[in-house]
């Protein structure tokens, strides 16, 4: 969510359990009134020290972190931070493979041996983005079958799984539909992040019956007519994230305009023959394909309700904490 203001709104609506990836996001969630926050990123060095410090600073918040190897447990010793074992879903980004039962057992034993709480397993299958929901669900369920085999092996080894955290936004419906999670003894949680704001990608991948609507747009202005069928607006990849590829966004209300390759500050748009050409100075509202890093591009956000700007709010979790803060807790 990146904004403490938005997190406060979620808490007021009853959403009190959060996932985050940075210490600034953790700080914003704690200040917003979160009850339970999982730092779903492998923290090391000063970052781990900062997480431990915030767990002490906010004793009413249940702070947890990820580990994937027994050797990674020691940095959390003596803290109130509880731990999830991170399982690799085939994304090959972080985590221990689900077929390496003995390694997972070793991690759990190390957690308990350090006097820390073992919370459960974390499994983020964010690599599954098939446009066809049935195909995406089949792929996700094959992974969940492997995950449940790991659960069975751990239970046979005397380790009960208290909680299971699965799914990103695209696999939310897949995870909710998996019968093995519903019939299990553990508490199953899903963690779709993009449903907070929505973006062009998530809205195309999630079922229409969810009723999701985009809540974030980048307001851009046309600045040039460099060619007969091209207009350029001031929303390059420093404004609208390009990590999801080109086109980087959709022009709301003008679907016929095709965003082309952006540069840092410029976004050319192709205008088809016969379509109205936006005038220089005209505003265009852009819906990003990936909203999370797009929000991270801005210091402040305009909060709009029913077409009226109500306030300006700081993007409190943008970027990283100053190295001075991290250095102060690392020693």
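The values are calculated or read from the model by the stated rules, or taken from the named source; none is laboratory data. None of these values were measured; they are calculated from a predicted model. Note that each Cβ is placed from the backbone with ideal geometry, even for glycine, and that neighbours are counted across all protein chains shown.
Do we find a residue being more than 25 Å from the chain's Cα centre (by Cα) and not in a loop (DSSP other than H, G, I, E, B) anywhere in region 283-294? Among the residues of region 283-294, at least one is more than 25 Å from the chain's Cα centre (by Cα) and not in a loop (DSSP other than H, G, I, E, B), which makes the answer yes. Among the residues of region 230-240, write down those that are farther than 10 Å from residue 268 by Cα and over 19 Å from the mean Cα position of the chain (by Cα). Correct list: 237, 238. Return the total of residues in region 79-118 being over 14 Å from residue 159 (Cα atoms), surrounded by fewer than 18 Cβ atoms within 10 Å (Cβ to Cβ) and in contact with a helix residue (DSSP H, G or I) (Cβ under 9 Å, 6 or more places away or on another chain). Number of matching residues: 6. Quickly run through region 122-136 and pick out the residues that are surrounded by 19 or more Cβ atoms within 10 Å (Cβ to Cβ) and out of contact with any strand residue (DSSP E or B) (no Cβ under 9 Å at 6 or more places or on another chain). Passing the criteria: 128, 136. Residues that are buried (at least 17 other Cβ atoms within 10 Å of the Cβ) and at pLDDT below 95: does region 314-322 have at least one? The answer is yes, given that some residue of region 314-322 is buried (at least 17 other Cβ atoms within 10 Å of the Cβ) and at pLDDT below 95. Every test in (1) assigned to a strand (DSSP E or B); (2) crowded, with 19+ Cβ neighbours inside 10 Å; (3) out of contact with any helix residue (DSSP H, G or I) (no Cβ under 8 Å at 6 or more places or on another chain) is passed by residue 189 save one, and that test is (2).
Quick grid of which residues meet (1) surrounded by fewer than 19 Cβ atoms within 10 Å (Cβ to Cβ); (2) at negative phi; (3) within 14 Å of the chain's Cα centre (by Cα):
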| residue | (1), (2), (3) |
| --- | --- |
| 14 | yes, no, no |
| 22 | no, yes, yes |
| 26 | no, yes, yes |
| 36 | yes, yes, no |
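Restricting attention to region 38-57, the residues that are in contact with a strand residue (DSSP E or B) (Cβ under 9 Å, 6 or more places away or on another chain) and over 17 Å from residue 320 (Cβ atoms) total 3.
Give the residues of region 87-101 that are over 9 Å from residue 124 (Cα atoms) and outside any loop (DSSP other than H, G, I, E, B), sorted by residue number.
Our first condition is that a residue be over 9 Å from residue 124 (Cα atoms); within region 87-101, this holds for 90, 92-101.
Residues satisfying the conditions are 96, 101.
What do you reckon, is residue 106 more than 21 Å from the chain's Cα centre (by Cα) and either in the same structural domain as residue 18 (by TED's automatic domain parsing) or assigned to a strand (DSSP E or B) (or both)? Yes: the conditions hold for residue 106.
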